[in-house]
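First comes the structure, then the notes that go with it.
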Amino acid sequence: MVAAVGPIRTGTGVRLVSANILVGQRVKRRQAARTEKIPVIPKRSSCCCRRKPAVRWNCAVNPRRFGRVLLKWLPRAGLGLVALGYVVAFLVPQMLGGVGLTVLSGSMAPSIRAGDVVAVQLKEAENVCDSITEGDIITFMPYPNNPLLVTHRVISAAIGQYEGWNCQFITQGDANSAPDEPVLPNQIRGRVMYSVRWAGWLDHWAGANRDRILIAVVVISLGWLGYEPTKRIIERKRGQLNATPS
């Protein structure tokens, strides 16, 4: 028994067409489509030109929107970088048992420049001979009982008896042409772990303008706290005005 489907109009009248015939016609059309070269229609771009293909410049970045995004995120990124630099320069060394010191001269340029902060890992005098080797950068007092600190590279380490100590070190700044006087373990304060570029100038500026920074932080915080409530009140009033019939 052959199933019949919908009437098909012909020139002489209406006749019934079996389902098998329709299926065969579909298969033939599919096979013919595979053998023929079907042109590939490129997909439309997902940009804003999809609705208005005639206006091509609409796909470009909106300058006003880009400016608003830049003004919104650039200050946040700047503050984030400053906070990250402060943490790395001063807080991380303290967590590692050290201290962050600001370099005031360029004797170690270009590896360490004036205004950089060096993270110094503190060393006991008894452990200096075993923990410091040639090539390390150390922070030391050039003269005993003098608070002045110098950060130079160790160019030579000698083992022996030197004024009651088992070693002594010869240091020299990377930008200097002559070595320093020999350094004993009791003069060494620590070994430099890393340096943070320009963090010292930032810390110096912040220390000199601490009151202004505090006032600016308070004003910005109050403005930020009052921004959201004020924005909600304005939106609520606009909604009420739009809902009021004229």
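Only the coordinates and a few stated rules stand behind these numbers; no lab work does. Note that the structure is predicted; figures quoted are calculated from it, not measured. FYI the Cβ positions are ideal-geometry reconstructions off the backbone, even for glycines, and counts take in every protein chain you see.
With a sphere of radius 13 Å drawn around the Cβ of Gln168, what net charge do the other residues whose Cβ falls strictly inside it have (Lys, Arg +1; Asp, Glu -1)? Local net charge: -4.
Electrostatic tally near Leu74: other residues with Cβ closer than 15 Å to its Cβ, Lys and Arg +1, Asp and Glu -1, net +4. Using the Cβ of Arg238 as centre and a radius below 12 Å, the other residues enclosed give a net charge of +3, where K and R count +1 and D and E count -1. In region 165-220, the C-alpha radius of gyration followed by the widest Cα-Cα span (Dmax) gives 19.3, 58 angstrom. Ranked by the mean number of other Cβ atoms within 10 Å of their residues, highest first, the peptides 216-224, 132-140 fall in the order 132-140, 216-224. Here region 187-246 and region 140-181 have alpha carbon centers that stand 45 Å from each other. The protection proxy used here, the mean number of other Cβ atoms lying within 10 Å of each residue, ranks peptides 203-214, 63-74, 118-129 as follows, highest first: 118-129, 203-214, 63-74. Segment Arg26..Trp73, full-extension length gain: 11.1 nm, with 0.36 nm per residue of separation and the alpha-carbon distance subtracted. Normalised by 2.2 N^0.38 Å, with N the number of residues, the alpha-carbon radius of gyration of region 91-203 equals 1.02.
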